[in-house]
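Read the figures in this text as sums done on the coordinates, not as results from a lab. Everything numeric in this text was worked out from a predicted model, so none of it was measured. Glycine also receives a Cβ, built like all others from the backbone with ideal geometry; neighbour counts cover every protein chain displayed.
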Amino acid sequence: MTAILVVEDDPLITSFLQRGLKSSGFSTVAAEDGETGLNLAVHEDFDLIILDMGLPDGDGLTMLKQLRALGRHVPVLVLTGLAERDVVTCLENGADDYMRKPFHFDELLARIRTRLRTSGTQEPFLLSAGRVRLDLRTRRATVDGRSVELTGREFSLLETLLRHPDQVLSREQLLSQVWGYSFDPGTNLVNVYVNTLRKKLGADVVETVRGAGYRLRAS
């Protein structure tokens, strides 16, 4: 399983990232400061590192420089609220990509997959359950062999459900994984998009489990 190290001192963001990455098929390890993150990155094997620039024991740039100085070439995706010139500094010192806070998880996930492909790490690109198939490379969805046009958010929601066939995912889980931690948990976005998927894929594809959430039927 592809392993990702998350170096982030905000426990809410760390929890959000770990839940989303786990549901997308990755294993994760978290560190809340640069010293711990560097130690893990040097002594364990990770396929990618998500590195926050604002850490309690210094900025993430220091850890990034130390990591590269030690000859570790694992892809690093930086999370930052810094000015553009500081982002350029991160890229010049070995960062492979960056995301500005606040961010949407689906965009972060797309960037992670791009970096993993570039580094040669393999990840399944075809998801299927029951009558539904989803090609992550071409972003093409089919039902019983029939092509279905999906918006970006519909695609992300279906992908999340397909990664957990026959499992119940709560509204809160889907909201955080598809829309991001900054969205109001009281929103009805999940309900609206589930209904849209049903219209496009078939009313029986996504089940409502009363009081619990939604489940994509694998049979």
*Please report 52, 204 as a ranked list, fewest other C-beta atoms within 10 angstrom at the top and most at the bottom.*
204, 52
*Which residue fluctuates the most in the chain, going by a Gaussian network model with Cα springs under 10 Å, if the choices are 80, 28, 142?*
142
*Nonlocal Lys pairs with alpha-carbon distance under 29 Å, the chain (8 or more apart, or different chains)*: 5
*Angle, helix 189-201 long axis vs. longest principal axis of the chain, Cα atoms, 0 to 90°, nearest 10?*
50
*Would you work out the charge dipole size for the range 86-178 about its Cα centre, treating the Cβ of every Lys and Arg as +1 and the Cβ of every Asp and Glu as -1, and quote it to the nearest 20 debye?*
240
_Springs between alpha-carbon pairs under 10 angstrom, Gaussian network model over the chain: which of 33, 144, 57 fluctuates most?_
144
*Would you mind checking the tilt of helix 105-119 against the longest principal axis of the Cα atoms of the chain, expressed as 0 to 90 degrees and rounded to 10?*
60
*Please determine, in degrees from 0 to 90 and to the nearest 10, the orientation of helix 152-162 with respect to the longest principal axis defined by the Cα atoms of the chain, where the helix direction is its Cα long axis.*
80
_the chain, relative contact order [Cα under 8 Å, separation at least 6], %_ = 16
*Quote the relative contact order of the range 164-217 in percent (integer), defining contacts as alpha-carbon pairs under 8 Å separated by 6+ residues.*
50
_What's the longest uninterrupted piece of the chain once you rule out the trypsin sites (Lys or Arg not before Pro) that are loop residues per DSSP with at most 14 other Cβ within 10 Å?_
1-136
